[in-house]
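Engineer: What follows is a single structure, and I will ask about it in a moment.
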Amino acid sequence: MVGKITRAYERELKDGDVKMTSPKFGMSILFFFLCISFCSSTDQSFQQCFSSHLPPSKITYDVIFTQNSSQYSSILQSSIRNLRFSNASKPRYLVTPYNENHIQATIICSKEHHMHVRVRSAGHDYEGLSYISDVPFIVIDLFHIRSVMVDIKNEFAWVGAGATLGELYYSISAKSNVHGFPAGSCPTVGVGGHISGGGFGTIFRKYGLAADNVIDAKMIDVNGNVLDRKSMGEDLFWAIRGGGGASFGVIFSWKLKLVRVPPTVTVFKTLKTLEQGATKLVQKWQNIAYKFHHDLFVHAVIQVTNPNSNQNPTVQVSFDCLFLGTTERLLSSIQRSFPELGVTQENCTEMSWIQSVLYFAGHSIAESADVLLNRGTQSTQSFKGKSDYVKEAIPKMGLEGLFKMVAEEETSKLILTPYGGRMKQIKSSATPFPYRSEYLYGIQYMISWDVAEETGKRIGWMRRLYKYMEPYVSTAPRAAYFNYRDLDLGRNSYPNTSYVEASQWGLKYFNHNFNRLVRVKTLADPHNFFWNEQSIPVLRLE
């Protein structure tokens, strides 16, 4: 059959002046169809393996998608949030499980077919590690596993790892206007990755991280076993709450402790350019924002603005506030501690907590909360992110140099997030996320661009900025936030990653907690099946 098809192509295909009947071309066509035959056989073998490990009632035929499947591209592209990776290596299979049985079968068959597993909840991994790899791999996309069950009476929620933060917030608000959950402000971020990396947002100074408020979890381990907190043990339960769940298994459900929020919260936004004294305001903010009452959150966003068409772009700092209470209480606090901001009652808006979620997500508070159910679309931009933590306020000279560099790139943005409050009260070893009492604030650096040719230039600028900041941020190690993944910090070798190699990035994300993560990984996944470019390594006997 292959011979007949090859001869038909030899008769009919031409390419310019070169006839396609050459022996070399014939062999290429033959090789091509042999590959198709081999791949089809492999696909069939994997799907047979998958079905054989399912109970009869769980067998379904719309779970596995090969590269030849009509829906493959649309599913793969649906959660690619960074165009830098839109043309990267693609998974052999996309698996879209509906239940834990499908995840179990995928892990077992991936091991049998020598393919790695990447797990995607919404695709926001800054380096795309949830959907790209340089080794043969499968993507388990959890978007079908996103149910949210809210129990207001007992103040908890079970949420599927494929749900978004927006879906979680919406479900809570549908049951209560005085309950919430302390997690991020971007509603299209997936719950699974966000919680397993720590997870902070506008109310974390009051309630701690998302990971600090996890009661239980369900996961599939490397052997295909379903584990909960009791059966996985406290060490593994500790590791997945901030240490990156993808290193240890596939977490498919989280039990979260809901927090009580007041019926009325207040927001304000104050914008100041450098010409309006932004430098002095940032100087003072550094020294007081972490000392504010835990009900008060004020972060600083630094970016370039063009005041009007007649002026050159300048750097602008936005001081964005969420206060867990009324305007009257907020003004009493902010006018006493930070009068230089000039906040008045006219600057403030009272609203419900769920409206504040809309506000910080860039939506109108007049919109229906239904907008939070929108899972978003594929990004139209490329971006690069990095992070730092600050222990001592950056001096005026350092800030001036920073603002000068920011002014070079109009699409750059820096977000300075104050710590203190509840974060000072939780031990640095309570979860893998270590950056608690000693830190004034964290920094997220971000730059985005539209044109592929600009990638080198933009990333080069980001690396120069990061180098510039070195004298002003934490040292030994220079800290970084795991959820702002950065492969510039280091990457694992395949297939064997040494502790020394992985510690180049691991100590930056996890500090003294890294060693415990390695020990847990060695027990939970001794053969390092759940490997990626920044997965926790396994201790090996030399």
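A short reminder: the numbers here are calculations on the coordinates, not readings from a lab. This structure is a prediction, so every number in the text was calculated from the model and none was measured. FYI the Cβ positions are ideal-geometry reconstructions off the backbone, even for glycines, and counts take in every protein chain you see.
Engineer: Add +1 for every Lys or Arg and -1 for every Asp or Glu among the other residues with Cβ under 12 Å from the Cβ of SER448, and state the total.
Structural biologist: +1
Engineer: Based on the Cβ-Cβ distance of TYR494 and ASN374, what FRET efficiency does E = 1/(1 + (r/R0)^6) give at R0 = 45 Å, to the nearest 0.05?
Structural biologist: Values: r = 37 Å, r/R0 = 0.82.
The formula returns an efficiency of 0.75 here.
Engineer: Quick one: 3J(HN,Hα) in Hz for segment 227-233, Karplus 6.51/-1.76/1.60 with θ = phi - 60°, rounded, Gly and Pro as x.
Structural biologist: 10, 10, 4, 5, 7, 7, x
Engineer: I'd like the FRET efficiency for THR349 and GLN67, computed as 1/(1 + (r/R0)^6) with the beta carbon distance as r and R0 of 56 Å, rounded to 0.05.
Structural biologist: Values: r = 50 Å, r/R0 = 0.89.
Here the calculated transfer efficiency is 0.65.
Engineer: Find out how many positive minus negative residues lie around GLU127, taking Lys and Arg as positive, Asp and Glu as negative, among other residues whose Cβ is under 10 Å from that of GLU127. Before the final figure, lay out the partial values.
Structural biologist: Details: positive: ARG84, LYS384, ARG485, ARG491; negative: ASP125, ASP486, ASP488, GLU533.
So the surrounding residues net to 0.
Engineer: Can you grab the distance from the C-alpha centre of segment 242-275 to the C-alpha centre of segment 203-224, Å, no decimals?
Structural biologist: Centre-to-centre (Cα) distance: 12 Å.
Engineer: Round to a whole angstrom and tell me the spacing of the C-alpha centers of segment 296-346 and segment 422-486.
Structural biologist: Taking the Cα centre of each part, segment 296-346 and segment 422-486 sit 23 Å apart.
Engineer: Once phi is turned into θ = phi - 60°, what whole-Hz ³J(HN,Hα) does the Karplus curve with 6.51, -1.76 and 1.60 give for every residue of segment 239-254, x standing for Gly and Pro?
Structural biologist: 5, 7, 9, x, x, x, x, 5, 7, 10, x, 10, 7, 10, 7, 10
Engineer: Once you've got the Cα coordinates, tell me which of LYS255/LYS521; LYS384/LYS457; LYS404/LYS457 are over 20 Å apart.
Structural biologist: Over 20 Å Cα-Cα: LYS255/LYS521.
Engineer: Separate question: Please tell me the relative contact order of the chain in percent, rounded to the nearest whole number, where contacts are Cα pairs under 8 Å and at least six residues apart.
Structural biologist: Dividing the mean separation by the residue count of the chain yields 14 percent.
Engineer: Moving on to the next point. Which value, in debye to the nearest 20, describes the size of the charge dipole of the chain about its Cα centre when Lys and Arg Cβ atoms bear +1, Asp and Glu Cβ atoms bear -1, and nothing else is charged?
Structural biologist: 700 debye
Engineer: Now a separate question. If I fit a long axis through the Cα atoms of helix 499-510 and take the longest principal axis of the Cα atoms of the chain, what angle between them do I get, 0 to 90°, rounded to 10?
Structural biologist: 40 degrees
Engineer: Considering amide H positions built from the backbone, and no H for Pro or chain starts, which residues 5 or more places from ASP216, or on another chain, come under 5 Å of its amide H?
Structural biologist: LYS255
Engineer: Let me ask you something else. Which whole-Hz couplings ³J(HN,Hα) result when phi for each residue of segment 142-155 is put into the Karplus expression 6.51 cos²θ - 1.76 cosθ + 1.60, θ = phi - 60°, listed in order with x for Gly and Pro?
Structural biologist: Per-residue couplings from phi come out as 8, 5, 7, 9, 9, 5, 10, 10, 9, 10, 5, 4, 9, 6 Hz.
Engineer: Continuing with this model, one more query. In this model, which of LYS206/LYS424; LYS206/LYS427; LYS90/LYS386 are farther than 22 Å apart at the alpha-carbon?
Structural biologist: Over 22 Å Cα-Cα: LYS90/LYS386.
Engineer: Suppose every K and R has +1 on its Cβ and every D and E has -1 on its Cβ; what is the size of the dipole of segment 46-141 about the Cα centre, in Debye to the nearest 20?
Structural biologist: Dipole magnitude for segment 46-141 comes out near 100 debye.
Engineer: In addition: What is the set of long-range amide H partners of PHE156 at a cut-off below 5 Å, with H atoms built 1.01 Å from backbone N?
Structural biologist: Hits under the 5 Å cutoff: ASP151, LEU258.
Engineer: Just in segment 297-385: which GluC sites (Glu not before Pro) are loop by DSSP and have at most 13 other Cβ atoms within 10 Å?
Structural biologist: Details: sites: GLU328, GLU340, GLU346, GLU350, GLU367; in loops: GLU367.
Counting only loop positions with at most 13 other Cβ atoms within 10 Å, the GluC sites (Glu not before Pro) in segment 297-385 are GLU367.
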